[in-house]
1. Which whole number in µm²/s is D for the chain by Stokes-Einstein, with the Kirkwood Rh taken over Cα pairs at 4 °C and 1.567 mPa s?
2. Counting only heavy atoms of the protein chains, get the accessible area per residue of the chain (1.4 Å probe) and round it to a whole Å² value.
3. Compute the relative contact order of the range 506-663 as a whole-number percentage, counting only Cα pairs closer than 8 Å that sit 6 or more residues apart in sequence.
4. Below 10 angstrom from the Cβ of Leu473, what's the summed charge of the other residues (Lys, Arg +1; Asp, Glu -1)?
5. So what is the relative contact order of the range 260-372, in percent, for Cα pairs below 8 Å that sit 6 or more residues apart?
6. Once ligands and nucleic acids are excluded and a 1.4 Å probe is used, how much of Arg82 is accessible, expressed in Å² to the nearest 10?
7. Would you kindly state how much longer the chain becomes between Lys331 and Arg620 on full extension, computed as 0.36 nm times their sequence separation minus their alpha carbon distance, in nm to one decimal?
8. I'd like the projected area of the range 284-346, averaged over all directions, using the convex hull of its alpha carbons. Report it in nm² with one decimal.
Amino acid sequence: MLSKTLSFNRGITVQNLRHVGWIGLVHLLVLLAAVPLQLIMLYTRREQNDAPLWNNLFEISGSFQAVVVFTFPVLLAIFLFRYMQVKSSADFMHSLPIRRKALFYQHTALGAFLLVIPVVVTALITLILYYTLGIDVLFSATDIFQWAGEMCLMELFVFFVAVWIGMMTGMSVLQGGLTYILLLFPAGISVLLLMNMTYLLTGFAADYYLNRDLEHIIPFFRFMRLGAEPFAFIETFVYLFLIIVCYVLSLWLYQKRHSEAASQALAFPVLRPVFKYGVAFCTMLVGGFYFGETQQQFGWIIFGYMTFSIVGFFVAEMIIEKTWRVFDKWKGYLYFFVAMLIVGTLLHFDITGYEKRIPELGEIEQVYFGDSVYDFIDKKSEYVPYIQLEQVSQFLKEKENIKNVYLFHQQLIEDQPMPSSRSTETRYVVIGYILKNGDRMIRSYEVPVEQYKSFYRPIMESKEYKKNYYFLLRDKGVSPVRQVTMRKADSGEETVVLTEPKQVESFLTALKADLQNESVDSMLGNVGVWGDIELLQSDGDILHVTWKKSYMNVEQWLKQQRLLSKARLTAEDVDYAIVVKNKNIEGKPLTADPRFIQRLSARTDVVRITDKRKIDECLRQSSSPLDERHLYIIIFYRSDGSDPQLGGFDEKNVPSFIREQLQ
């Protein structure tokens with residue numbers, strides 16, 4: 001009888017039900033509104049043919065269900081163990097003739113009951129509706145049981161995480177806040193650490209590790225994906241294991257916790273330095289990340305590390321001490337500063353040799369070269385979501401290309417380039433290696449394009465790269481083209497349509513010749529465009545190829561077919577052109593004036609061009625639409641009196657005769 005008394009107390013359970021029973025009731029009502037009520041409403045409008053495309057129960061009010069899963073378990077944990085956070089309540093509860101272990105069992109069992117029962121009731125009602133309303137076309141009965149199981153798993157996980165956090169703090173507000181922080185912590189700290197490594201180690205490819213699988217370690221985002229991707233067996237096992245771990249740790253901490261911990265920020269003194277320096281470390285990483293992304297200068301990054309870590313350290317001290325008078329504890333920050341200085345110095349000077357590490361040329365089976373790490377990631381799934389029409393990032397296997405990429409990488413290791421200013425045109429270079437023994441290695445750099453164009457050229461102008469780069473040049477995957485449509489760059493207006501098979505074939509021959517002979521300058525986007533070329537394949541798919549101003553074979557073909565003036569604006573179609581400097585007047589750009597074009601003829605600070613050769617040069621060198629890069633604005637006035645065409649020149653493309661006259 002004594003054992004029974006010490007293990008279970010009916011009065012405690014009744015009192016807890018009065019105290020937190022409303023949470024379970026609201027939880028049930030909200031779940032009923034989220035799923036069964038939605039099904040009933042769908043049934044009432046079944047004749048309107050506007051049924052949503054639900055494949056399972058997680059897609060019914062999915063975002064609302066996520067709020068339920070991550071709100072009610074936290075509230076329940078806070079209210080169930082609220083007595084621990086008030087000293088008088090803690091003293092009273094722990095003075096009862098009930099063992100702490102029994103108290104913990106009763107509270108956690110009631111919490112689990114109030115979470116699981118509403119889910120089960122909702123699932124049963126949904127099952128009844130499933131058979132009575134005839135909605136089996138939306139999902140199966142198995143989906144209902146799967147929904148109930150995964151809902152219970154997630155809610156119990158969030159609940160026991162909140163209970164565990166509650167054992168370590170003496171304030172309910174902190175319990176709730178720290179619970180959500182902990183749920184986001186694995187992904188958050190991963191992002192911060194990896195991004196800050198890019199500032200300390202040249203070539204570190206943070207994006208390679210920050211792939212989409214990172215979402216799986218954020219419970220909230222993982223829950224949002226359950227509709228499309230149910231839990232795998234290993235994930236279910238991991239969540240069950242974490243529930244057990246949190247349960248055991250919570251029980252152990254509850255038995256060790258003193259009643260005096262009530263109203264204290266941290267219940268155990270040993271946690272105070274962990275919390276204090278942990279907050280300082282995380283805020284330091286946030287500061288480095290902020291200034292690294294906004295300023296991209298090492299001095300600003302160091303400033304971010306120092307200022308944010310100081311703020312984080314003293315804010316943590318204020319939370320612990322519950323007062324703002326903590327600035328006399330600056331020596332604690334000094335220890336942190338020295339430790340981080342040592343770690344940062346070791347990383348910056350690359351004591352591991354990471355920055356200079358490169359495999360032997362003979363060990364390389366193939367290289368990866370591009371501007372993104374995505375295609376280098378070893379995906380287990382064979383599903384390809386889309387086909388890239390211009391594949392910038394690709395694997396190269398020819399020995400000459402492997403050697404050229406290798407030489408490029410060696411030069412980058414020697415130079416260790418850093419973006420010097422925002423005015424410098426930079427580009428990401430990602431170099432990866434797959435070795436003959438199966439090992440993989442990847443590095444990522446941001447480089448000034450002009451400085452390294454001589455290294456880009458032999459790689460990007462090679463036949464192997466071109467063949468992989470342009471979808472139209474590949475041997476497989478391209479169906480016969482039955483129609484070619486050319487469109488204007490600015491409006492997308494259709495200009496030329498080719499449907500005659502021989503004409504289409506000869507046009508494609510000219511286009512492929514331009515693609516095969518394209519220069520690295522054109523491929524890197526340093527030339528203007530005339531418009532867009534739309535290729536309709538026999539299977540109905542459409543390919544889009546940018547009609548660049550460097551494509552002379554296409555232009556020659558259009559001339560031979562007498563279609564050039566129809567396809568684009570030519571010098572023969574232009575009566576004259578006017579060029580003016582692109583400058584702001586009273587803080588507004590020139591083009592903001594609705595009568596800007598009409599007023600140009602009265603201005604004296606313009607250049608009027610009537611020579612056809614100069615007009616043709618301006619047409620080829622100008623680009624549109626206008627933006628802040630353009631130093632000069634040019635307006636082409638058509639001979640037929642139709643609307644003028646606007647363009648602009650940047651620093652590199654402005655014709656010399658315009659620069660001389662408008663200096």
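1. 41 µm²/s
2. 52 Å²
3. The normalised contact order for the range 506-663 reaches 21 percent.
4. +4
5. After rounding, I find 22 percent.
6. Surface accessible to solvent at Arg82 totals approximately 100 Å².
7. Gain on extension, Lys331 to Arg620, equals 97.5 nm.
8. So the mean shadow area of the Cα hull is 4.5 nm².
The values are calculated or read from the model by the stated rules, or taken from the named source; none is laboratory data. Note that the structure is a prediction, hence the values are computed from the model and not measured. Glycine also receives a Cβ, built like all others from the backbone with ideal geometry; neighbour counts cover every protein chain displayed. Note: accessible area is taken over every heavy atom of the protein model, side chains too, but ligands, DNA and RNA are not part of it. Shrake-Rupley method; radii C 1.70, N 1.55, O 1.52, S 1.80 Å.
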